Amino acid sequence: MAIWNLLWLYILILYVNNGRMEASHKVYPQFQSLSAVNISQLHHTAFHFQPPKNWINGPMYYNGIYHIFYQYNPKGAVWGNIVWGHSVSKDLINWKELEPAICPSKHFDIDGAWSGSTTILPSNKPIILYTGVDSNGIQTQNYAVPANLSDPYLRKWIKPGNNPLIDPENGVNATAFRDPSTAWWLNGRWRVLVGSERNSRGIAYLYRSRDFIHWTKAKHPFHSAPNTGMWECPDFYPVSLSSKEGLDPSYMGKHVKHVLKVSLDDARYDYYTLGTYLTNDDKYVPDNASVDGWAGLRYDYGNFYASKTFFDPAKRRRILWGWVNESDFAQDDVKKGWAGIQ
């Protein structure tokens, strides 16, 4: 009888979700700060990155060291208490866990230090752009910089007093405005994308800046598509048509296409298109054969979400990271003491 109940539950899930098995970020207040007493090593990975315990969900190469920043719950094995976890490596396999890089501490991020990206400025200074959530649920884009550039691990990061840098303007959904992309340089200005949604239309807004501090929104969205819902974690980068080498995000030239990836919050999968970057108009146009949204291409057809690429200048390659979440119940995650891998 129990088997039949499980079967009917499975059929119901498929029907309700239109044939899709979905991950989720459900809130479990009773579990999110419940510390793990014993950590189960069963299925705990050795090759893929994950911290020793608890729940995880932008990578960077700087002065010979790889840094990975990740959404992390330091107190428990389910979503909640989110900070920017930080680990470093010299080979992308063996990792050293450091103290969190960013924790909620200011009025603009007191209710969440959410996803973002890193950019290396021309002066060889790394900078983080991330989404902060205030006590009213308003989402803004903020920045953090290393406290000590002479520290090879960049252990401490500070939030300057001129935050937030980008507020949701009139017409922008203030509670769906997040996950700034890695910035690129073009015609004397930095550019960055921020994901959003309005009336079920997924949107990637473009912002420009000369100094990385003062940002102005473009008159038109960089790209959007109806009936695709919230676009999380937008990623935009060039790919070569004539070489297998990766390209710096600011590279423009012949024999280049661009990829725009978005994480669809409704589907919990990562979709991408291949297309043309119209630099004069600051717009992106997918190729005719490249479809936006649910009918389009996915990076991976498993449980793979919130991905991010970065350019590795040491080996001239572009590396893709993605978050893989379990399909366990929250109680199972609490019992084993960890959840999620990169």
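The values are calculated or read from the model by the stated rules, or taken from the named source; none is laboratory data. From a predicted model like this one, the values you see are computed outputs, not experimental measurements. Reconstructed Cβ throughout: ideal geometry from the backbone, glycine too, with neighbour counts over all protein chains shown. The area values use the complete protein model at the heavy-atom level, side chains included, leaving out ligands, DNA and RNA. Shrake-Rupley method; radii C 1.70, N 1.55, O 1.52, S 1.80 Å.
Within the bounds of segment 158-165, is there any residue that is touching a Phe, Trp or Tyr at 6+ places or on another chain (Cβ under 7 Å) and closer than 15 Å to Gly112 by Cβ? Checking segment 158-165: at least one residue is touching a Phe, Trp or Tyr at 6+ places or on another chain (Cβ under 7 Å) and closer than 15 Å to Gly112 by Cβ.
Among residues belonging to segment 248-275 that are of a type in the set (Ser, Thr, Tyr) and within 21 Å of the chain's Cα centre (by Cα), point out the one that is most open to solvent (accessible area, probe 1.4 Å). Break it down into steps so the answer makes sense when it comes.
Taking segment 248-275 and keeping what is of a type in the set (Ser, Thr, Tyr), we get 250-251, 263, 269, 271-273.
Still in the list and also within 21 Å of the chain's Cα centre (by Cα): 250, 263, 269, 271-273.
On the way: Ser250: 36, Ser263: 0, Tyr269: 27, Tyr271: 13, Tyr272: 60, Thr273: 4 Å².
Selected residue: Tyr272.
Evaluated against (1) in a strand (DSSP E or B); (2) open to solvent by 20 Å² or more (accessible area, probe 1.4 Å); (3) of a type in the set (Gly, Ala, Ser), Ala144 falls short on exactly one condition, (2). Of all positions in segment 152-174, at least one carries a residue that is assigned to a loop (DSSP other than H, G, I, E, B), modelled with pLDDT of 95 or more, among the hydroxyl-bearing types (Ser, Thr, Tyr) and open to solvent by less than 70 Å² (accessible area, probe 1.4 Å). Return the residue satisfying two criteria in turn: it lies in segment 276-292 and is in a strand (DSSP E or B) and open to solvent by 60 Å² or more (accessible area, probe 1.4 Å), and of such residues it is farthest from Gly188 (Cα to Cα). The qualifying residue farthest from Gly188 (Cα to Cα) is Val285.
Name the single residue, out of those in segment 187-206 being outside any strand (DSSP E or B) and more than 15 Å from Phe177 (Cα to Cα), that is least open to solvent (accessible area, probe 1.4 Å). Looking at the filtered set, the residue picked out is Gly188. If the condition is being at negative phi and in contact with a Ser or Thr (Cβ under 9 Å, 6 or more places away or on another chain), then segment 200-219 contributes Arg201, Gly202, Ile203, Ala204, Tyr205, Tyr207, Arg208, Ser209, Trp215, Thr216.
At positive phi and open to solvent by less than 10 Å² (accessible area, probe 1.4 Å), is that true of Gly112?
Working: at positive phi: yes; open to solvent by less than 10 Å² (accessible area, probe 1.4 Å): yes.
Taking the combined requirement at face value, the residue satisfies it.
Residues in segment 118-141 that are part of a loop (DSSP other than H, G, I, E, B) and either aromatic (Phe, Trp, Tyr) or on the phi < 0 side of the Ramachandran plot (or both): Pro122, Ser123, Asp134, Ser135, Asn136, Ile138.
Against the definition (within 10 Å of Pro234 (Cα to Cα) and outside any strand (DSSP E or B)), how does Pro180 come out, yes or no?
Values: within 10 Å of Pro234 (Cα to Cα): yes; outside any strand (DSSP E or B): yes.
Against the criterion (within 10 Å of Pro234 (Cα to Cα) and outside any strand (DSSP E or B)), Pro180 qualifies.
Test Asp300 against the stated conditions and say whether it is farther than 30 Å from Asn63 by Cβ, among the acidic types (Asp, Glu) and buried (at least 16 other Cβ atoms within 10 Å of the Cβ). It is false that Asp300 is farther than 30 Å from Asn63 by Cβ, among the acidic types (Asp, Glu) and buried (at least 16 other Cβ atoms within 10 Å of the Cβ). Identify all residues within segment 207-231 that are in a strand (DSSP E or B), in contact with a Phe, Trp or Tyr (Cβ under 9 Å, 6 or more places away or on another chain) and open to solvent by less than 20 Å² (accessible area, probe 1.4 Å); write none if there are none. Within segment 207-231, Tyr207, Ser209, Ala225 meet the criteria.
Any residue at all in segment 121-132 that's closer than 28 Å to Ala218 by Cα, in contact with an Asp or Glu (Cβ under 7 Å, 6 or more places away or on another chain) and crowded, with 19+ Cβ neighbours inside 10 Å? Even if it seems obvious, please write down each step before you answer.
So the first thing to find is which residues in segment 121-132 are closer than 28 Å to Ala218 by Cα, and the list is 121-132.
If we keep only those that are in contact with an Asp or Glu (Cβ under 7 Å, 6 or more places away or on another chain) as well, we get 131-132.
So of that shortlist, the ones also crowded, with 19+ Cβ neighbours inside 10 Å come out as 131-132.
The answer is yes; a qualifying residue exists.
When you scan segment 75-102, how many residues do you find that are part of a strand (DSSP E or B), open to solvent by 60 Å² or more (accessible area, probe 1.4 Å) and closer than 25 Å to Asn163 by Cβ? Residues meeting the conditions: 1. For residues that are modelled with pLDDT of 90 or more, open to solvent by 20 Å² or more (accessible area, probe 1.4 Å) and of a type in the set (A, V, I, L, M, F, W, C), scanning just segment 307-342, find the one that is nearest to Gly58 (Cα to Cα). Among residues in segment 307-342 that are modelled with pLDDT of 90 or more, open to solvent by 20 Å² or more (accessible area, probe 1.4 Å) and of a type in the set (A, V, I, L, M, F, W, C), the one nearest to Gly58 (Cα to Cα) is Trp321. Might you check whether a residue that is under 30 Å from Ala339 (Cβ atoms) and in a strand (DSSP E or B) occurs anywhere in segment 245-260? Yes, segment 245-260 contains a residue that is under 30 Å from Ala339 (Cβ atoms) and in a strand (DSSP E or B).
On the phi > 0 side of the Ramachandran plot and either in contact with a Ser or Thr (Cβ under 6 Å, 6 or more places away or on another chain) or open to solvent by 30 Å² or more (accessible area, probe 1.4 Å) (or both): is that true of Asp179 in this structure?
Working: on the phi > 0 side of the Ramachandran plot: yes; either in contact with a Ser or Thr (Cβ under 6 Å, 6 or more places away or on another chain) or open to solvent by 30 Å² or more (accessible area, probe 1.4 Å) (or both): yes.
It is true that Asp179 is on the phi > 0 side of the Ramachandran plot and either in contact with a Ser or Thr (Cβ under 6 Å, 6 or more places away or on another chain) or open to solvent by 30 Å² or more (accessible area, probe 1.4 Å) (or both).
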